[in-house]
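Encoded as structure tokens, the structure appears first; notes follow it.
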Amino acid sequence: MVKYIIKRILYIIPVMFGIIVMVFIMKAVTPGDPVLELLPLTATEESKENLREELGLNDPIIVQFGKYVVGVLHGDLGTSYKTKQPVLSEVAERLPNTIILAVWALFIAQIIATPLGIWAAVKQNSAVDNIIVVFTMFGASVPNFWLALMLIQWFAINLGWLPSMYNGSLISWILPISAILVGSIAHTARAARTNMLEVIRQDYIMTARAKGQKEGTVIFKHAFRNTLIPVIASIGSALGSLLGGSLIVEQIFAVPGVGKYISDAVSARNYPALQGGIIVIALLCCIINIIVDVLYTVVDPRLKTTFMKSSKKRVKEAV
Amino acid sequence: MSKITTPAMVKLNKKTKGRHKETGNTPMQEGLKRLRKNKTAMAGMIIILFLIIIAIFAPLIAPYGYQEQSYTEVRLGPSLQHLFGTDHLGRDIFSRCVYGTRYSLPIGLICTLLGLVIGGGLGLVAAYFGGRTDNIIMRIIDIIQAIPSILLCIALVAILGNGMWQLVVAITAGTIQGMTKNVRAAVFMVRNNEYVNSSKSIGVSDFQIMIRHLVPNAVGIIVINAVGVVATSILTISSLSYLGVGLVAPTPEWGAILAEGKQYMAVAPHMVYFPGLMIAITVVAFYLFGNGLRDALDPRLK
Amino acid sequence: MAENSKLLEVKNLTVHYETDEGIVEAVNDISFHIAPGEILGVVGETGAGKTTIARSIMGLLPKPPAHVISGSIQIEGQEMLSDKPESKGFFDFAQKRARSADERRLERIYREIRGKKISMMFQDPMTALNPVLYVGDQIAEVIKIHENVSEAQARERAGEMLELVGIPADRYKEYPHQFSGGMKQRVVIAIALACHPNLIIADEPTTALDVTIQAQILEMLRDLQKKFGTAIMLITHDFGVVAEICDRCMVIYAGEKVEEGTLEDIFDNRVHPYTVGLFDSMPDMYDNSLRLKPIKGLMPNPMDLPSYCSFYDRCSVRCDACKDGAPVLREINRGHFAACSAAAGRGEVE
């Protein structure tokens, strides 16, 4: 198991290297001269040249790339055009907010959506199922920025129950999390329903029924864990889309997170901030995917034994 | 048992029901037949066709031009004159939403098609050849996949600049990884079938096998996924416009109309309601269609 | 076999699947019985309705689309089908309530029966075991449901069952994917026998296995059947399997019983042209003819069965009388039935 985890962690290296290459290409082709962006308009030609030399912009492209990689490995993600501060520290101080937003949304979505999806599948074609299907369809279709604005309109402006903007208090998390949550619930419930429909058609469910097992036990003991396998597998992509959604939702609710940082960077053409943000988000996604993969092996014994073969006695096929 | 019926009676009863079934249809034809009977799919398709008609005849349908300003009619609520009200420049929001169908819909469809050709091609090649080819393609996809697709789109538009073709490139790039994975999975399921092996053994070329055997057999799953991709692409386009990249104001793209309206939301909420509803309806239509399509082509799950 | 001690009696069972495309007439007016301790073979082609019969007996039909149109299933004298009519009208609430209350009552009875009095083995051992649970626990589960035993006792009994089917008990804590197909089928047998049922319904228990493993599994089934005195309803499409272990045999065609009798009746004195055709299409060691004689044509579409004999179109001995309504099941010899107007008309036997 440890071996498997180490293998997965090592696997981040090529992926992140690929990301860095992509971001570097982005950097190389982005319009605008970083020197002009970083220095005040009154800067002399000489100081510009000095900065250019200092940033290594006169080096051949391959050297620039090497320096960039070394820089990223040392945590140097560049300097924000806007604040002239290192991007890494700016991202680092915003990251916890984004993680709170995404992880809470994910957690709540899983808790609500998985049972909903299973319920719908067990009562397939009933009124309950139809309601859940319709809800998931609309939940997945409503653009999250519109939903966010509507929530502000109803709960903050019209009813005045909740703050319309993030202000650091616990209660001001409710609207941003809800705005990002609805889509996630919809997608997860849909996936859970489809998976459950697949599972309850399997022969082993029939075997369990043929044992005289109660229908409830059949669902929870036999079907549930098998449904969980694909649900867990989809957590990685669910979190990816939640992080994507946080770009917009954080902006609307003024949550000081990486999402807002990136979307502000986009509107201000603050490229180093955008590039740094992409690297951090990508790393986050990779780490989450490792966690998901490890969880996956815990739930699915078929995978566990594959990866643990070396530590366990070999399976003898007697027949 | 009280209600014994003789088998002859039972048979006679059913004879009169007159359900005759022609045989010899391909699975695809069977699927299309089921699709025509599927209410959800048909509802989705009618809305989509309706939106396409609106897009084609936009100048005839829209009562005003999408840039026509009227400083005497600023931020009016919905009325008979202005079905969706007017915005801060006195433009008719209904007309702007009507013209909006000319952006999201075609861009969403074109990007999905492009994504299908590129991503689908990659997935097909990866699944068919397997081994090293598969490894290389999938590792590249892994890299792209590590970035949430909307962030990838935003980053690309930020570099390329605003505009139609830039947006198309960005959205297409965002669809490729999903398409590749789906097509690869679909092709994997059919590529080891005996008919593929037998085609190989009689010397059919790889390209022929892919086109003649693999694509037709994986087409159901691919089409179902593609419909879903259209829906997410439309959502992404409007999200980008909302953030002020891609198609920006004064283009009457729904997300852009909404972005313009949001600062007036407290006083003129209709400026936000209607463009958002347009997006939601369009996306729902594609999901409805996709759901119906899945039920029709994959009757197991129904 | 004593006629009065019937373990299972099925009378006039008719089951349809109502799908969007039409009504599939899966089982049509089938009656049969199984006495304690006997092995009944049910033979038929794929799609003849064998599995539907088995699932009807277990009360495990997928509803919808399956509907039991008529008939009676009695397990040790206990009626297992609801006599409350199924309501088609949307507003027939009272009738619907009565029906569903009755179904719930029967479901409770069924839960006591499944696994305890009757257990079932499914076709494909590869998919019949839950991939995320220990095989041992899957055996212990059925013991815990039906017998008042502690967790530890159930585990111990499950271990014994594993040994009984030839699997070392120390493999209790392994998952199905660690077992080969033959071993999985042994586990399935262990589950089926765990509570010493009176009847096992085995739905093509050997079809998915290699020939050598098939023989082992059949031999084990027969040995255990002798040991426990369990009756078996063996569903198969292979007369070889029937010859090996069955006492009586029933041939199903297009959801109808076409012939039933003892092994001698079927193997030596078969009368129905379909049964005859089935034997002719099997290679015979002692027959010198170079060609097999397959039955021409295909089974009729179960959505569109003819009003006369379903086998008419493929029959080699058909006559005009065959077109006058469905053939009646006639007793040709004591305990030997066949549903063929032509054969009976010719007065084959007696």
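The numbers here are math on the coordinates, done by the rules we state, and not lab data. Predicted, not measured: the structure shown is a model, and the values here were computed from it. Ideal geometry is used to build each Cβ from the backbone, glycine not excepted, and the neighbour counts take in all protein chains shown.
Values for this structure:
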| quantity | calculated |
| --- | --- |
| The stretch A:71-203, Cα convex hull volume normalised per residue, Å³ | 160 Å³ |
| Chain C - Rg over Rh from alpha carbon coordinates, Kirkwood radius | 0.99 |
| DSSP beta bridges in chain C [antiparallel fraction, %, rounded to 5] | 60 percent |
| Shielding of A:5-15 by partner chains, average beta-carbon count, 10 Å | 1 |
| Spread of Cα-to-Cα distances over 10 Å intervals beginning at zero, given as percent, for the stretch B:25-87 | 17, 28, 24, 15, 12, 5, 0 |
| Size of the stretch A:91-318 as Cα extents on the principal axes (Å, biggest first) | 67, 48, 26 |
| Computed [θ] at 222 nm, helices only, for chain C once each DSSP H run of length n ≥ 4 contributes -39500 (n - 2.57) | -10000 deg cm²/dmol |
| More than 15 angstrom apart: percent of Cα pairs within the stretch A:2-73 | 65 percent |
| Coordinate range along principal axes, alpha carbons of the stretch B:232-302, Å, largest first | 50, 25, 14 |
| Debye log10 I(q)/I(0) at q = 0.11, 0.12, 0.21 Å⁻¹ for the stretch B:154-302, Cα point scatterers | -0.59, -0.67, -1.19 |
| Size-normalised alpha-carbon gyration radius of the stretch C:213-283, reference 2.2 N^0.38 Å | 1.17 |
| Rh (Kirkwood; distinct C-alpha pairs) - the stretch C:102-174, Å | 13.5 Å |
| Fraction of antiparallel bridges per DSSP, the protein assembly as shown only, in percent to nearest 5 | 60 percent |
| For the stretch A:27-106 versus the stretch B:128-177, the gap between their alpha-carbon centres in whole angstrom | 23 Å |
| Most to least packed among B:53-59, A:171-177 [average Cβ atoms within 10 Å] | A:171-177, B:53-59 |
| Hull-based mean projected area of the protein assembly as shown, where the convex hull spans the alpha carbons, in square nanometres | 49.6 nm² |
| Cα extents of the stretch C:173-311 along the three principal axes, largest first (Å) | 53, 38, 31 |
| Under 5 Å, built H, 5+ apart or other chain: amide partners of C:Ile69 | C:Thr14, C:Val15, C:His16 |
| Cα Rg, Dmax, the stretch C:264-339, angstrom units | 14.1, 40 |
| Order of A:Lys27, B:Lys33 under a 10 Å beta carbon neighbour criterion, fewest first | B:Lys33, A:Lys27 |
| Inter-chain shielding of C:126-135 (mean C-beta neighbours from other protein chains, 10 Å cut-off) | 6 |
| Whole-number percent relative contact order across the stretch C:3-246, with pairs defined as alpha carbons under 8 Å at least 6 apart | 24 percent |
| Chain B, relative contact order [Cα under 8 Å, separation at least 6], % | 25 percent |
| Cα-based equivalent ellipsoid of chain B: semi-axis lengths in Å, sorted from largest, via gyration tensor | 43, 31, 14 |
| Peptide-level mean, for A:127-136, of C-beta atoms on other protein chains within 10 Å | 1 |
| Net charge of neighbours whose Cβ lies under 13 Å from the Cβ of A:Thr114, counting Lys and Arg as +1 and Asp and Glu as -1 | +3 |
| Cubic angstrom per residue, convex hull over Cα atoms of the stretch A:34-144 | 176 Å³ |
| Of the DSSP H helices in chain B, those whose Cα atoms cover at least 18 Å axially and whose Kyte score averages 0.5 or more | B:39-56, B:93-129, B:164-191, B:215-243, B:270-297 |
